[in-house]
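Since the structure comes first, as structure tokens, the remarks are kept for the end.
The values are calculated or read from the model by the stated rules, or taken from the named source; none is laboratory data. This structure is a prediction, so every number in the text was calculated from the model and none was measured. So basically every Cβ, Gly included, is an ideal-geometry build from the backbone, and we count neighbours across all protein chains shown. In case anyone asks, the SASA skips ligands and DNA or RNA and just uses the protein heavy atoms, side chains included. Shrake-Rupley method; radii C 1.70, N 1.55, O 1.52, S 1.80 Å.
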Amino acid sequence: MKKRLLAAVIAAVMTIAGFSIEVMAQDDYIYCVGSVSKVYAAAAVMKLADEGKVDPDGFVTDYIPDFKLSDERYKDITVRMLMDHTSGIMGTTQTGAFSYEDNNIRQNSFLDVLSKQRLKADPGEYAAYCNDGFDLLALIVENVTGMTFTEYVEKEIAAPTGGTATGTAKNYETLGTPAPAFTPGNLHMDFGVTLALGAGGVYSKASDVADFGAAFFKGSEILLSEKAKNEMVVRWDALKGSDPFKDNCGLAWDDVQVPGFEDAGVQVLIKGGDSGMNHAVLTVAPEEEISVSVLSNGGSSALNGMMAQALLETVLEERGITLPEKEEPEYRISSVIPSEYDEFEGYYSSSDLSGSAVIDHITFPDHRYMHVESIGPLKTTCTDYMLIDDGAEPGRGRFAELAYELETEDETSFDEVLGGAHVAVNPVVISFVRDDKGGVFFTIGYDEVFSDLGRIEKKKYGGQMMKENPVDEETLKAWEDAFSEDLLVCDDDPSSTSYDNGTAYGALSKEMPGYVYASLGQWGTRILKIMDKEHAVAFQTIPSSSNRDCTDVTIISDEDGTKLALSTGLKYISAKDITVFDTTLREDELFTGKASWYRIGDDCKDQSFKVERPEGGHIYVYNKYGSVVYNTHVKDASDDIPLPADGYIVFLSKQSC
């Protein structure tokens, strides 16, 4: 039974046991459901577990004999650890994962790229979001069943739940009409495909996804046994004593304990997904027998999630279940910070609210307030906090974000400024934690607010205190040279979306010598620890998804020049080693079977030109700031190719590098 809602390029469908109300029943488009695919992959494995074909606590190597890492601890990774993000695997192998065209690069290279990686944590130590674990689950399904993951999803997952238009990136064109893909600037783009199938490569329509969610209703065994479903909704650290600042995930589900709903006695399961311009959320209330799917092109999974929760709340209210109103906390602040907090002064590697890394310098000026200087590779921001006077033991208190940075002007005394300080609306709240290994971390809590939709409570480990890393001048010079100019993606498939953010850059930290920033396009900024002239590594042990998508970096040199090789598969060439573009170059000189990068020089700046593209060939043009200004994946892209001053142009064909 279904209740349906669709608006613009958004499909929202509710499957509710007991009645059916249709509102705008137009449910035609096929979307990539992004990381909601992980629930499909986990359900597939748990279905095989029900059949006695997979042991969730068995070792991954029992099912994928070719799986290995450069770290011997990989032998201890279990199937369950792949499902609950506790494997310790770095995160996301990037090669061939996201593209505009189907190819087999991901399939052919995935295990090889993984084999060169190390683990970032002991298997089972903590949960940190890990895409690669779910691609390994897809391989387990294939090895155990002899079917492709696509076939298994279609026949064994979608079909039993009534799905008629569910598959993967490998067959999405046969499922229906793909949702039109538009950028925020309203450019009509080619439809992207996610080839990391288990992590994010399931494609479907909203009604199919909602019906799949209904398979998790209490009492339904259309897909999984009650035992299997119950295992999927147990928080990963339930047996250790759950820490509210660690990840709230079960097996594949992002959230298995949702504030507000839990207070009303309603269990809710949430899984979101974002892949390119496609965004998705699946929200299920098993005991209430409500499943909500919201799929969109544009927006975000967070916005979709708020819409899903609003729909869910509406149905619950019709049944007499009302979520308690969240009381706005009142913060009584103290202008005296005890000396017990002095040990927390220092530099922290942290993740800002957008997910990129910064170095936070935390101090307690005159023991009156906390000053946080967030230092990125390009800009620095400052935020002040005051200690919350709530009777906490010294050293264990919380600090609330102030509405503005404290400073004095004219003859105003600092005491007067401090006396007039007030806490920000919806403040970030920070506290400090020391683990049993001597590591120092800070946690953050805040509400993510969506106008007219509501808010989502967020808690996580946000940063880790850094240690000094003395490095000799010769080594620093090697990294300074490697980062002296822009870095340009050069080794992914020519149809890869990596080129949508094809420029990157690096910088040495001035405040913490021995560390570098690596800003890697769509993957955001990472802070790495220099080991020697050629190697810098992810060093953080932050026990949450603030430590997701880690990578180590190696400087290599070949006939093309200096390159940065990421342990997750991508390579970047230094702009210092590319030549100036010449409009007289022939097609066969431009499309060479690898990424052919050129600098746009004075001789042709602010002009345009035309060139014939071979089949499968693509062109990107970037301005001097690294932003894409021309892209042949734009529908009906002009034949006139712009050449902005001091920009770059890349010609792509066949396999790069």
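List of remarks:
- Scanning the range 198-231 for residues that are open to solvent by less than 10 Å² (accessible area, probe 1.4 Å), in contact with a helix residue (DSSP H, G or I) (Cβ under 7 Å, 6 or more places away or on another chain) and small (Gly, Ala, Ser) returns GLY198, ALA199, GLY200, GLY201, ALA215, ALA228.
- GLY395 being at pLDDT below 85 and either of a type in the set (A, V, I, L, M) or open to solvent by less than 40 Å² (accessible area, probe 1.4 Å) (or both): yes
- Any chance GLU534 is over 23 Å from the mean Cα position of the chain (by Cα), of a type outside the set (A, V, I, L, M, F, W, C) and open to solvent by 70 Å² or more (accessible area, probe 1.4 Å): yes
- Residues in the range 627-657 that are of a type in the set (Gly, Ala, Ser) and within 26 Å of PRO180 (Cα to Cα): SER627, ALA637, SER638, SER653.
- Residue under evaluation LEU295, criteria (1) touching a helix residue (DSSP H, G or I) at 6+ places or on another chain (Cβ under 8 Å); (2) open to solvent by less than 40 Å² (accessible area, probe 1.4 Å); (3) over 22 Å from SER451 (Cα atoms), criterion not met: (3)
- The range 274-363 holds strands (runs of 3 or more DSSP E) entirely within its bounds, and those carrying 3 or more residues that are modelled with pLDDT of 95 or more and farther than 27 Å from LEU224 by Cβ map to 346-351, 357-363.
Condition check ((1) within 30 Å of PHE483 (Cα to Cα); (2) touching a residue at least 12 places away in the same chain (Cβ under 8 Å); (3) assigned to a strand (DSSP E or B); (4) touching an Asp or Glu at 6+ places or on another chain (Cβ under 6 Å)) across all residues:
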position	(1), (2), (3), (4)
THR381	yes, no, yes, no
ALA392	no, no, no, no
GLU405	no, yes, no, yes
ALA421	no, yes, no, no
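- Of all the residues in the range 620-649, those that are of a type outside the set (Ser, Thr, Tyr), in a strand (DSSP E or B) and more than 27 Å from the chain's Cα centre (by Cα) number 4.
- Every pair of residues 6+ apart whose Cβ atoms lie under 9 Å, when the first sits in the range 34-54 and is farther than 12 Å from LEU223 by Cα while the second is part of a loop (DSSP other than H, G, I, E, B) and at pLDDT below 95: GLY34/GLY276
- Tally of residues being surrounded by 13 or more Cβ atoms within 10 Å (Cβ to Cβ), touching a Phe, Trp or Tyr at 6+ places or on another chain (Cβ under 7 Å) and not small (Gly, Ala, Ser) across the range 537-594: 12
- Leading residue by the ranking (nearest to VAL417 (Cα to Cα)) among those in the range 351-379 that are touching a helix residue (DSSP H, G or I) at 6+ places or on another chain (Cβ under 7 Å) and in contact (Cβ under 8 Å) with a residue 60 or more places away in the chain: ILE362
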